[in-house]
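Right, one structure below, let's go through it.
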Amino acid sequence: MINYTEKIPNNVDLGRDRVLQRALEHWQPAFLGWWFDMGPSESRNYDVYLRTAISVEPDGWAQFDYVKMPDYRWGIFLQPRDEKRQVNFGTHQGQPAWQEVPGEYRSTLRRIIVTQGDTEPASVEQQKMLGLSCPSLYDLRNIFQVNVEEGRHLWAMVYLLHRYFGRDGREEAEALLARRSGDTDNPRILGAFNEPTPDWLAFYMFTFFTDRDGKFQLCALAESGFDPLSRTCRFMLTEEAHHMFVGETGVSRIIQRTCEVMRENKVEDPSDVRALGVIDLQTIQKYLNFHYSVTLDLYGSDVSSNAANYFTSGLKGRFRETKLEDDHVLIDSNYPVSEVVGDKIVKKDVPALTALNERLRDDYIDEIADGVSRWQRVIDQAGIPFHLTLPHKGFHREIGNFAGHFISPDGEVLTEQGWKKHEFEWLPSSKDYEFVQSLMSGRVAEPGKFANWIAPPMRGINNKPLDFEYVRFN
Ligand SMILES: [Fe+2]
Ligand SMILES: [Fe+2]
């Protein structure tokens with residue numbers, strides 16, 4: 001028997017919900033089995049200075065302490081219910097928000113929840129080996145924090161499956177532990193979550209670009225007319241912010257360190273920069289191109305009848321739906337999408353309802369552009385004449401209107417041959433990966449020390465100093 005309130009912090013009255021208890025009693029050991037197999041390598045005995053979500057109070061939700069990760073208290077939290085909440089868009093606009101799953105949308109909703117849930121364990125699997133080459137204890141603690149919280153996000157989705165979808169839900173919850181990132185027979189559902197994350201630059205890019213896709217998907221689901229999904233996603237967003245912080249500051253610190261070394265030694269040529277043991281800006285640009293383009297694919301086809309259905313049914317809204325000033329039905333409006341016609345990229349208007357994937361992708365791109373300009377500021381402040389750019393939306397895409405086309409980073413339509421000639425000027429080659437990994441051959445584990453290729457952060461976690469022992473290896 002599990003003592004629920006002790007072991008699983010929650011605000012869903014788990015202690016009195018027998019059906020949910022039975023489902024979780026079965027699933028929880030399987031989850032731990034998955035964590036031992038696929039969670040961070042060799043980490044089970046470490047004491048890690050982690051935050052644990054213990055309530056939904058805005059200023060008291062997180063508790064910081066040393067925890068062994070298998071003992072992390074993965075909790076279940078929903079933002080408190082607003083009794084007056086309504087369905088805010090689509091054909092059911094104005095009805096009270098649904099507290100139970102509407103029968104007609106049962107399988108669609110289940111699919112949406114499973115697709116979101118599948119990304120959570122996937123990223124833990126992708127990051128499994130990185131702890132062995134961490135640049136500092138601070139960074140090691142941060143990756144572990146991201147990993148346990150992705151674990152909790154899996155719990156959040158499994159809670160919904162167990163509580164609202166009966167037997168089908170329980171089966172889906174099992175399947176979430178059975179798929180594996182990158183596996184040929186039983187891969188994770190979405191492409192970017194099957195790509196390897198082979199080094200720390202890739203990890204920071206992933207948390208900047210791909211966790212931010214997570215944020216935008218959660219924001220769209222937080223608008224859902226299915227209230228328990230909305231409330232679950234709202235709470236997940238509080239944790240997601242830290243993941244993107246880790247990514248943005250991680251890349252920024254790498255750029256900062258590279259610029260320092262370039263300036264001190266008055267070098268600009270990438271091979272001279274590499275010889276000094278830091279990552280050249282050209283390679284950083286290639287990683288950016290890769291992670292940006294594979295993440296753009298996660299939003300799906302530019303024109304999609306599924307997206308239209310999700311919206312019309314009230315299941316998945318737009319980014320900041322309730323702040324938008326229109327009819328929230330979108331029957332009469334249009335939205336521009338891009339298309340390749342001959343050797344040109346042209347815009348054309350399509351019914352807005354069918355373009356909701358593209359619209360969410362555009363909202364995402366706006367936010368990404370802001371982050372990249374903050375990275376650029378670090379380069380500018382160092383007085384180095386290098387410009388980081390976001391490649392064209394159509395570059396290196398496999399889903400949607402650009403799939404099958406060969407678009408350069410500046411948006412030129414090329415032939416396959418023409419594109420291939422430049423591929424490794426734009427995307428990391430195996431040599432680039434080899435170089436980056438050569439810098440990360442072992443872990444830096446002395447408190448307060450940082451690897452040569454990354455600058456220390458501005459401040460520590462939870463007001464602790466930078467030389468705090470964030471992880472104890474035992
Ligand atoms: Fe997540
Ligand atoms: Fe995340």
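The values are calculated or read from the model by the stated rules, or taken from the named source; none is laboratory data. Please read all numbers here as calculations on a predicted model, not as lab measurements. All Cβ positions, glycine included, derive from the backbone under ideal geometry; neighbour counts span all protein chains shown. Surface areas here come from the heavy atoms of the whole protein model, side chains and all, with no ligands, DNA or RNA. Shrake-Rupley method; radii C 1.70, N 1.55, O 1.52, S 1.80 Å.
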Inset, instruction - Check 147, 142 and return the single one that is within 16 Å of ligand 2 (Cβ to nearest atom), farther than 21 Å from residue 170 by Cα, open to solvent by less than 30 Å² (accessible area, probe 1.4 Å) and under 12 Å from the mean Cα position of the chain (by Cα). - result: 147
Legend entry - Single unsatisfied condition, residue 34 versus (1) of a type in the set (A, V, I, L, M, F, W, C); (2) outside any strand (DSSP E or B); (3) open to solvent by 20 Å² or more (accessible area, probe 1.4 Å): (3)
Legend entry - Checklist (1) outside any helix (DSSP H, G or I); (2) within 12 Å of ligand 2 (Cβ to nearest atom) applied to residue 238, failing item: (1)
Inset, instruction - Could you check region 261-371 for helices (runs of 4 or more DSSP H) lying wholly inside it with 2 or more residues that are open to solvent by less than 50 Å² (accessible area, probe 1.4 Å) and not aliphatic (A, V, I, L, M)? - result: 281-297, 305-312
Inset, instruction - Could you figure out which of (1) free of Cβ contacts under 8 Å to residues at least 40 places away in the same chain; (2) under 18 Å from residue 75 (Cβ atoms) isn't true of residue 23? - result: (1)
Inset, instruction - Return the only residue of 154, 132, 161 being crowded, with 23+ Cβ neighbours inside 10 Å and more than 12 Å from ligand 1 (Cβ to nearest atom). - result: 161
Legend entry - Test: residue in region 100-109 that is at negative phi, within 16 Å of ligand 1 (Cβ to nearest atom), touching a residue at least 40 places away in the same chain (Cβ under 8 Å) and touching a helix residue (DSSP H, G or I) at 6+ places or on another chain (Cβ under 6 Å): no
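Among the candidates 30, 53, single out the residue that is within 25 Å of residue 3 (Cα to Cα) and in contact with a Leu (Cβ under 7 Å, 6 or more places away or on another chain).
On the way: 53 fails: in contact with a Leu (Cβ under 7 Å, 6 or more places away or on another chain).
Criteria check complete, one pass: 30.
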Legend entry - region 50-74, subset in a loop (DSSP other than H, G, I, E, B) and over 17 Å from residue 8 (Cβ atoms), residue most open to solvent (accessible area, probe 1.4 Å): 59
Legend entry - Criterion (of a type in the set (A, V, I, L, M), more than 16 Å from ligand 2 (Cβ to nearest atom) and without any contact (Cβ under 8 Å) to a residue 12 or more places away in the chain) met by exactly one of 173, 178, 97: 178
Inset, instruction - Kindly check whether there is at least one residue in region 201-221 that is open to solvent by 10 Å² or more (accessible area, probe 1.4 Å), more than 11 Å from ligand 2 (Cβ to nearest atom) and closer than 26 Å to residue 108 by Cβ. - result: yes
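In this structure, is residue 180 among the charged types (D, E, K, R), surrounded by fewer than 21 Cβ atoms within 10 Å (Cβ to Cβ), modelled with pLDDT of 95 or more and in contact with a Lys or Arg (Cβ under 9 Å, 6 or more places away or on another chain)?
Numbers: among the charged types (D, E, K, R): yes; surrounded by fewer than 21 Cβ atoms within 10 Å (Cβ to Cβ): yes; modelled with pLDDT of 95 or more: yes; in contact with a Lys or Arg (Cβ under 9 Å, 6 or more places away or on another chain): yes.
So residue 180 fits the description; yes.
Take region 110-128 and flag every residue that is open to solvent by 10 Å² or more (accessible area, probe 1.4 Å), of a type outside the set (Asp, Glu), within 14 Å of ligand 1 (Cβ to nearest atom) and in contact with a Phe, Trp or Tyr (Cβ under 9 Å, 6 or more places away or on another chain).
Residues of region 110-128 open to solvent by 10 Å² or more (accessible area, probe 1.4 Å): 110-112, 115-116, 119, 125-126, 128.
Adding the requirement that they be of a type outside the set (Asp, Glu) leaves 110-112, 115-116, 119, 126, 128.
Checking which are within 14 Å of ligand 1 (Cβ to nearest atom) leaves us with 115-116, 119, 126.
119, 126, listed by residue number.
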Legend entry - Scan of region 386-406 for residues that are touching a residue at least 60 places away in the same chain (Cβ under 8 Å) and more than 25 Å from the chain's Cα centre (by Cα), ordered by number: 386, 405
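Of everything in region 223-239, what is open to solvent by less than 10 Å² (accessible area, probe 1.4 Å) and either in contact with a His (Cβ under 8 Å, 6 or more places away or on another chain) or away from ligand 1 (no atom under 11 Å from the Cβ) (or both)? Give them in sequence order. First the steps, then the outcome.
First, the residues of region 223-239 that are open to solvent by less than 10 Å² (accessible area, probe 1.4 Å): 224-230, 232-233, 235-236, 239.
224, 225, 226, 227, 228, 229, 230, 232, 235, 236, 239, listed by residue number.
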